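*Asks:* For reference, the structure I am asking about is given below.
The values are calculated or read from the model by the stated rules, or taken from the named source; none is laboratory data. Note that the coordinates shown come from a computational prediction; the quantities given were computed from them, not determined experimentally. Cβ placement follows ideal geometry from the backbone for every residue including glycine, while neighbour counts extend to all protein chains displayed.
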Protein chains: 2
Amino acid sequence: MKANLEDIARAAGVSKMTVSRVLRGGSGFSAETRDKVTKVAETLGYVPNRLAAAFGSDQASTLVGMCVPRLTSGLFGHVLDGVDRALTRLGYQLMIGANSHSAAEEEAWIRQVISWRPAGLILSGRTHTPGTVDLLRQAASPVVEIWDLTTSPIDMSVGFSHFDCGAEMGQFLIRRGRRRAGYVGALARADVMGAARQEGFETTLSRAGHPLIAREVLHDAPGFYAGYYGLETLLGREPKLDVVYFHNDEMAIGGLAYAQSRGLRVPEDIGIAGWGGMEAASILPRRLTTTVVPTTAIGKAAAEALVARLKGEPGQEVTVVPTRLVPGETG
Amino acid sequence: MKANLEDIARAAGVSKMTVSRVLRGGSGFSAETRDKVTKVAETLGYVPNRLAAAFGSDQASTLVGMCVPRLTSGLFGHVLDGVDRALTRLGYQLMIGANSHSAAEEEAWIRQVISWRPAGLILSGRTHTPGTVDLLRQAASPVVEIWDLTTSPIDMSVGFSHFDCGAEMGQFLIRRGRRRAGYVGALARADVMGAARQEGFETTLSRAGHPLIAREVLHDAPGFYAGYYGLETLLGREPKLDVVYFHNDEMAIGGLAYAQSRGLRVPEDIGIAGWGGMEAASILPRRLTTTVVPTTAIGKAAAEALVARLKGEPGQEVTVVPTRLVPGETG
DNA sequence: TGCGTCAGGTTTACCGGTAACGTATCAAAA
DNA sequence: TTTTGATACGTTACCGGTAAACCTGACGCA
């Protein structure tokens with residue numbers, strides 16, 4: 001990587017600073033200077049050095065850090081995609097990390113990213129260690145917390161209420177005539193969001209006078225198998241459930257598979273409801289009753305809120321991105 | 001972010017350079033100096049500045065860039081996960097981007113990342129623009145190409161042969177007595193890998209004396225819907241197929257759904273085979289016949305090969321990570 | 001006693017940008 | 001004609017580290 005601003009300056013017969021201004025598209029130079037400089041830069045194969053730029057002025061960083069619970073999650077893949085597209089379009093670069101649903105791992109990751117002096121950060125969830133909060137306050141760079149709405153965000157927040165998701169599904173199932181509901185969840189480490197949905201679900205059922213009959217929360221990854229065996233366990237304890245709400249769609253599909261293997265008719269004998277809106281759920285023989293989460297939109301909104309703040313535009317502190325309950329044929 | 005090396009140096013009564021050496025764990029200082037410096041650094045809440053470090057010396061960068069076709073792909077999510085875990089463990093940071101299967105977008109992304117002077121790059125696929133190759137040669141930083149094995153990698157390569165995947169599946173299906181095979185693919189933009197599998201599949205069938213009867217390659221995203229309607233189209237043209245090989249598992253599951261909706265028995269009336277080894281495929285009522293791809297292992301191997309090179313250890317140029325054909329109950 | 005050696009530092013010179021500020025030029029206004 | 005202001009550019013001082021050269025006192029040894 002040989003050519004730098006000075007080389008161009010020498011070759012174009014102007015000063016370093018003029019080259020810098022031209023290449024950054026500022027002002028303070030004549031049209032002919034601009035043409036000469038851009039031509040020389042091209043012939044020399046100049047590649048800008050953001051390291052130097054960000055180092056020289058803390059305003060110049062175009063680096064955004066983002067931390068998600070798991071990189072293998074379909075939902076977060078779409079969130080990442082939304083963030084990535086928006087940031088790319090706006091001229092920012094994305095540094096990522098995963099924290100396995102652990103606030104301590106998140107802090108460790110933030111400690112690494114902060115050392116690159118990023119322009120801003122996007123974090124998933126609202127649970128942070130005190131150390132994390134300290135670090136963020138000290139760094140004073142904009143932070144967007146996504147996924148769950150925070151009552152008091154560190155800085156900005158984009159997402160929806162998991163409690164409300166559960167509550168809405170509870171109301172829906174009651175309206176459909178369900179009276180004996182169960183819940184199957186999973187918490188790999190500690191997925192607080194799932195717990196919030198469960199709480200919303202149970203609260204609503206109780207208020208409606210038909211409280212939850214049985215619940216089973218596995219200490220396992222929330223996948224197909226957990227749903228399959230979770231429903232088996234639940235029905236072993238309480239055979240007369242008329243509907244089961246699952247932690248997410250993967251688990252619901254697992255539950256669906258178990259119900260079919262037992263010869264149970266869905267939705268006649270038992271209803272099945274999931275959460276998340278994964279693609280597979282819509283092409284099942286019977287379309288899954290679920291809550292569709294606007295993953296890409298959340299990512300996009302988060303990135304845009306962050307960049308707006310960086311550009312000094314007054315952005316919203318809290319952005320609500322609504323979910324949508326999709327009735328389907330299993331609930 | 002207030003405390004820097006000089007602040008610590010002043011407070012500890014030593015020089016900046018001594019602080020730098022202590023904090024980076026070098027040598028050339030006494031134990032009491034070390035203790036004093038680390039204590040002062042802690043009380044001042046010092047956060048290292050990698051920007052300055054990487055800027056000051058090009059060896060000091062711990063930044064690795066990685067470009068994948070799509071962030072929403074389940075398979076690449078796992079590859080990313082493998083890379084992320086390995087790099088985190090080894091003390092590197094990961095900058096990502098997506099190129100939508102487009103070599104031009106890849107070049108644009110590389111141009112951005114190169115400007116951060118990364119220690120190394122991980123790219124997906126072997127198709128690059130001439131501009132990309134130029135850039136990489138000029139930057140002279142290590143590059144690992146993953147996913148498909150390259151005959152002549154730019155630098156290093158980790159993956160497997162897509163052609164062989166298709167060929168192996170062809171052999172397997174022939175052994176199972178299939179004689180009238182079809183293929184359903186998809187190319188959002190241009191997925192060259194899928195084409196390689198198709199080629200391996202067709203070549204093997206021809207050599208075995210039972211060439212492919214029909215193929216349908218949709219200009220669509222390779223998902224459930226594409227598989228569903230792809231099989232519909234294919235069977236509309238050639239009703240007497242006895243097996244269909246799909247671009248990937250999502251599409252195969254879509255095909256499975258179509259077969260069931262038509263009342264076709266699987267595998268008796270028609271066999272279904274996929275590729276990729278997605279989790280859902282193993283919990284279907286009938287486990288899908290597919291090729292399991294060691295996604296996480298590829299990511300891990302790529303990261304480790306890169307870091308080995310960075311540390312000057314002699315690494316392998318080409319690492320083969322074998323795939324595994326899983327018979328299942330649909331083929 | 002003189003000299004080399006070595007651990008344990010310090011000093012200095014960058015790295016490649018950006019920001020702040022200074023200055024030359026020239027046209028319009030007074 | 002002089003003053004003013006805008007424009008276009010040059011100069012210089014950093015930013016926070018790293019590398020390498022350079023000290024310095026203690027110690028060993030001939």
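*Asks:* If a residue must be at pLDDT 95 or above and under 13 Å from the mean Cα position of the chain (by Cα), how many such residues does the stretch B:95-148 contain?
*Replies:* Qualifying residue count for the region: 9.
*Asks:* Quick check on this structure: which one of A:Val40, A:Val47 is in contact with a Ser or Thr (Cβ under 7 Å, 6 or more places away or on another chain) and in contact (Cβ under 8 Å) with a residue 24 or more places away in the chain? Steps first, please.
*Replies:* On the way: A:Val40 fails: in contact with a Ser or Thr (Cβ under 7 Å, 6 or more places away or on another chain).
Only one candidate qualifies: A:Val47.
This table checks each residue for (1) under 17 Å from B:Gln112 (Cβ atoms); (2) more than 9 Å from DNA strand D (Cβ to nearest atom); (3) at the interface with chain B (Cβ under 9 Å from one of its Cβ atoms); (4) β-branched (Val, Ile, Thr).
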site: A:Ala3; (1), (2), (3), (4): no, yes, no, no
site: A:Thr18; (1), (2), (3), (4): no, no, no, yes
site: A:Ser27; (1), (2), (3), (4): no, no, no, no
site: A:Ala31; (1), (2), (3), (4): no, no, no, no
site: A:Ser61; (1), (2), (3), (4): yes, yes, yes, no
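*Asks:* For the stretch A:283-323, which residues satisfy the criterion of being charged (D, E, K, R) and at pLDDT 95 or above?
*Replies:* A:Lys300, A:Glu304
*Asks:* Also: Kindly provide the set of residues from the stretch A:180-237 that are on the phi > 0 side of the Ramachandran plot and among the aromatic types (Phe, Trp, Tyr), ordered by number.
*Replies:* First pass over the stretch A:180-237, keeping only residues on the phi > 0 side of the Ramachandran plot: A:189, A:209.
Within the stretch A:180-237, no residue meets the criteria.
*Asks:* Can you give me the number of residues within the stretch B:6-62 that are within 11 Å of DNA strand C (Cβ to nearest atom), of a type in the set (S, T, N, Q) and either assigned to a loop (DSSP other than H, G, I, E, B) or touching a strand residue (DSSP E or B) at 6+ places or on another chain (Cβ under 9 Å) (or both)?
*Replies:* 4
To keep it simple, each residue is scored yes or no on (1) buried (at least 23 other Cβ atoms within 10 Å of the Cβ); (2) under 23 Å from B:Arg117 (Cα atoms).
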| residue | (1), (2) |
| --- | --- |
| A:Val79 | yes, no |
| A:His101 | no, no |
| A:Gln112 | no, yes |
| A:Thr127 | no, no |
| A:Leu135 | no, no |
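*Asks:* Can I ask one more? Would a scan of the stretch A:252-268 turn up a residue that is touching a residue at least 12 places away in the same chain (Cβ under 8 Å) and hydroxyl-bearing (Ser, Thr, Tyr)?
*Replies:* So far as the stretch A:252-268 goes, yes, one or more of its residues are touching a residue at least 12 places away in the same chain (Cβ under 8 Å) and hydroxyl-bearing (Ser, Thr, Tyr).
*Asks:* I've got another one for you. Checking B:Ala98 against (1) away from chain A (no Cβ under 13 Å); (2) touching a Pro at 6+ places or on another chain (Cβ under 9 Å), which single condition isn't satisfied?
*Replies:* So B:Ala98 meets the others, but not (1).
*Asks:* With respect to the numbered conditions (1) surrounded by fewer than 21 Cβ atoms within 10 Å (Cβ to Cβ); (2) within 12 Å of DNA strand D (Cβ to nearest atom), which one is the sole condition not fulfilled by A:Val37?
*Replies:* Looking at each condition in turn, A:Val37 falls short on (1).
*Asks:* Moving on. Is it fair to say A:Val47 is of a type outside the set (Asp, Glu), within 9 Å of chain B (Cβ to nearest Cβ) and over 21 Å from A:Gly276 (Cβ atoms)?
*Replies:* Taking the combined requirement at face value, the residue satisfies it.
*Asks:* Of the residues that sit in the stretch A:50-59 and are more than 7 Å from chain B (Cβ to nearest Cβ) and surrounded by fewer than 18 Cβ atoms within 10 Å (Cβ to Cβ), which one is nearest to DNA strand D (Cβ to nearest atom)?
*Replies:* Applying the filter and picking the extreme gives A:Gly56.
*Asks:* Now a separate question. Would you mind finding the one in B:Gly120, B:Gly131, B:Gly125, B:Gly74 that is over 18 Å from B:Ala303 (Cα atoms) and more than 9 Å from chain A (Cβ to nearest Cβ)?
*Replies:* The unique qualifying residue is B:Gly131.
*Asks:* Looking for whichever is out of contact with any strand residue (DSSP E or B) (no Cβ under 6 Å at 6 or more places or on another chain) and surrounded by fewer than 24 Cβ atoms within 10 Å (Cβ to Cβ) here; the options are B:Leu284, B:Leu288. Which one fits?
*Replies:* From the options B:Leu284, B:Leu288, the qualifying one is B:Leu284.
*Asks:* Test B:Ala305 against the stated conditions and say whether it is away from chain A (no Cβ under 13 Å), surrounded by 21 or more Cβ atoms within 10 Å (Cβ to Cβ) and either without any contact (Cβ under 8 Å) to a residue 24 or more places away in the chain or part of a helix (DSSP H, G or I) (or both).
*Replies:* The answer is yes for B:Ala305.
*Asks:* Find the residue count for the stretch A:112-148, including only residues that are part of a loop (DSSP other than H, G, I, E, B) and among the basic types (Lys, Arg).
*Replies:* Our first condition is that a residue be part of a loop (DSSP other than H, G, I, E, B); within the stretch A:112-148, this holds for A:115-119, A:125-129, A:140-142.
Filter once more, so that each one left must be among the basic types (Lys, Arg): A:117, A:126.
Counting residues in the stretch A:112-148 that are part of a loop (DSSP other than H, G, I, E, B) and among the basic types (Lys, Arg) gives 2.
*Asks:* Taking B:Thr151 as the residue in question, decide whether it is in a helix (DSSP H, G or I), more than 30 Å from B:Ile213 (Cα to Cα) and not assigned by TED's automatic domain parsing to the domain that holds B:Leu234.
*Replies:* Here the answer is no, as B:Thr151 does not meet what is asked.
*Asks:* If I filter the stretch A:312-319 for residues that are away from every other protein chain (no Cβ under 14 Å), free of Cβ contacts under 8 Å to residues at least 24 places away in the same chain and acidic (Asp, Glu), do I get at least one hit?
*Replies:* yes
*Asks:* Looking at the structure I just gave you, is B:Ala196 aliphatic (A, V, I, L, M) and in the same structural domain as B:Leu310 (by TED's automatic domain parsing)? Lay out the reasoning, then the answer.
*Replies:* Working: aliphatic (A, V, I, L, M): yes; in the same structural domain as B:Leu310 (by TED's automatic domain parsing): no.
For B:Ala196, the condition - aliphatic (A, V, I, L, M) and in the same structural domain as B:Leu310 (by TED's automatic domain parsing) - is not met.
*Asks:* Next question, about the same structure. Of all residues in the stretch B:290-331, how many are under 25 Å from B:Tyr183 (Cβ atoms), of a type outside the set (A, V, I, L, M, F, W, C) and out of contact with any Lys or Arg (no Cβ under 9 Å at 6 or more places or on another chain)?
*Replies:* Count: 5.
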